[in-house]
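Presented below is the structure to which this report refers.
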Amino acid sequence: MSGGFYREGKWITSVIGGYNVSNEEADRAVAAAIARVEARETTAREAVRELLTEFPVLKQDRENHPLCALMGHYSHEVLNDQLIN
């Protein structure tokens, strides 16, 4: 489902997965999650899990997917866990 809606007089576009969740909001949430991972406030695994739960729009394939920026951190965690075990 795509289209848009008005919020506080501003048009929000590309709605997928709900009337109040937009790609722009998901992109901002991913950027904030990356900052938390880099500050070691959370793990990339937990951040990805939370983002996919809160923003179903991130489950849709699209060009320049915002989760790509988080996948480097995620891969690093997974590979380190495998090397240690």
Every residue in the stretch 43-61 that is within 15 Å of GLU25 (Cα to Cα), surrounded by fewer than 16 Cβ atoms within 10 Å (Cβ to Cβ) and touching a helix residue (DSSP H, G or I) at 6+ places or on another chain (Cβ under 8 Å), please. GLU50, LEU52, GLU54, LYS59
Restricting the stretch 1-33 to residues that are among the hydroxyl-bearing types (Ser, Thr, Tyr) and either over 13 Å from the mean Cα position of the chain (by Cα) or assigned to a loop (DSSP other than H, G, I, E, B) (or both), which is modelled with the highest pLDDT? TYR6
Can you tell me which residue within the stretch 32-42, out of those that are of a type in the set (A, V, I, L, M, F, W, C) and surrounded by 13 or more Cβ atoms within 10 Å (Cβ to Cβ), is farthest from LEU79 (Cα to Cα)? ALA33
Within the stretch 34-77, how many residues are part of a helix (DSSP H, G or I), touching a residue at least 12 places away in the same chain (Cβ under 8 Å) and β-branched (Val, Ile, Thr)? 4
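The values are calculated or read from the model by the stated rules, or taken from the named source; none is laboratory data. Since we're looking at a predicted model, the values are computed, not measured. Glycine gets a Cβ as well: all are built from the backbone with ideal geometry, and neighbour counts include every protein chain shown.
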